[in-house]
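Enquirer: Have a look at this one.
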Amino acid sequence: MALGILGGVFDPPHAGHVALARAAIAELGLERLLVLVVADPGHKRARTPADVRLELTRLAFADIADVDVELDRHARTVDSLEERKPVDAVFIVGGDELADFTTWKDPARILELVRLGVALRQGVPDERVRDALARVPAPDRISFFELEPVPVSSSDVRDRVARDEPITDLVPPRVEAQITGLGLYRGGG
């Protein structure tokens, strides 16, 4: 699998996103990684404009070789993949996302277009992953890899910034500098 695709809202990107990308590259033998910043996500509200999240994400992944970061104008993964028609690609998700995969728009078509690379980490119950796998169309199109847990979420970062607490251990240094410089997330959550 030469190309990995990692999509998300990245509001903001954090150390967990970077760890996921590094693990996927190493464990799945990816030659390139495409990081897609969803401009207008259909499943959650973005608190920061897409162009700002795009810049933060470029900063977050700047130290990883062969990574391209692009804005994705599609709210749904299948629509983005239909437009791109990637060849020999794996879409990277966490084990918790696999549990919700069958609720995504057209999961069968997604698995026709790409394989899924699922990061397994401590804290996601095995039975939840097994249950999800039993419901997924084409489970043979799914590969698993291990990920050391990084206890952080974008909402954690936003909350700490809003409380004027340090985020040094949660985000890459360039991301922290940009968040501080732009005064992002000061107004809360």
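The values are calculated or read from the model by the stated rules, or taken from the named source; none is laboratory data. What you see is a predicted model; the values in this text were computed from it and never measured. Note that we place each Cβ from the backbone using ideal geometry, even for glycine, and neighbour counts take in every protein chain shown.
Residues checked against (1) small (Gly, Ala, Ser); (2) buried (at least 19 other Cβ atoms within 10 Å of the Cβ); (3) in a loop (DSSP other than H, G, I, E, B):
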| site | (1), (2), (3) |
| --- | --- |
| ALA75 | yes, no, yes |
| SER80 | yes, yes, no |
| ASP100 | no, no, no |
| ARG109 | no, no, no |
| GLU112 | no, no, no |
| GLY117 | yes, yes, no |
| ASP131 | no, no, no |
| SER143 | yes, no, no |
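Enquirer: Name the residue, out of ARG22, ARG32, that is surrounded by 14 or more Cβ atoms within 10 Å (Cβ to Cβ), modelled with pLDDT of 95 or more, of a type in the set (Lys, Arg) and in contact with a strand residue (DSSP E or B) (Cβ under 7 Å, 6 or more places away or on another chain). Explain how you work it out, then say what you get.
Expert: Working: ARG22 fails: in contact with a strand residue (DSSP E or B) (Cβ under 7 Å, 6 or more places away or on another chain).
Going through ARG22, ARG32 in turn, just one is surrounded by 14 or more Cβ atoms within 10 Å (Cβ to Cβ), modelled with pLDDT of 95 or more, of a type in the set (Lys, Arg) and in contact with a strand residue (DSSP E or B) (Cβ under 7 Å, 6 or more places away or on another chain): ARG32.
Enquirer: Please name all residue pairs, on different chains or six or more residues apart, with Cβ atoms under 9 Å, provided the first residue is in the range 125-151 and is under 14 Å from ASP96 (Cα atoms) and modelled with pLDDT under 85 and the second residue is among the basic types (Lys, Arg) and part of a loop (DSSP other than H, G, I, E, B).
Expert: Here the result reads PRO149/ARG121, each pair linking the range 125-151 to a residue that is among the basic types (Lys, Arg) and part of a loop (DSSP other than H, G, I, E, B).
Enquirer: Name the residues in the range 129-167 that are within 16 Å of THR180 (Cα to Cα) and among the charged types (D, E, K, R), would you?
Expert: ASP156, ARG158, ASP159, ARG160, ARG163, ASP164, GLU165
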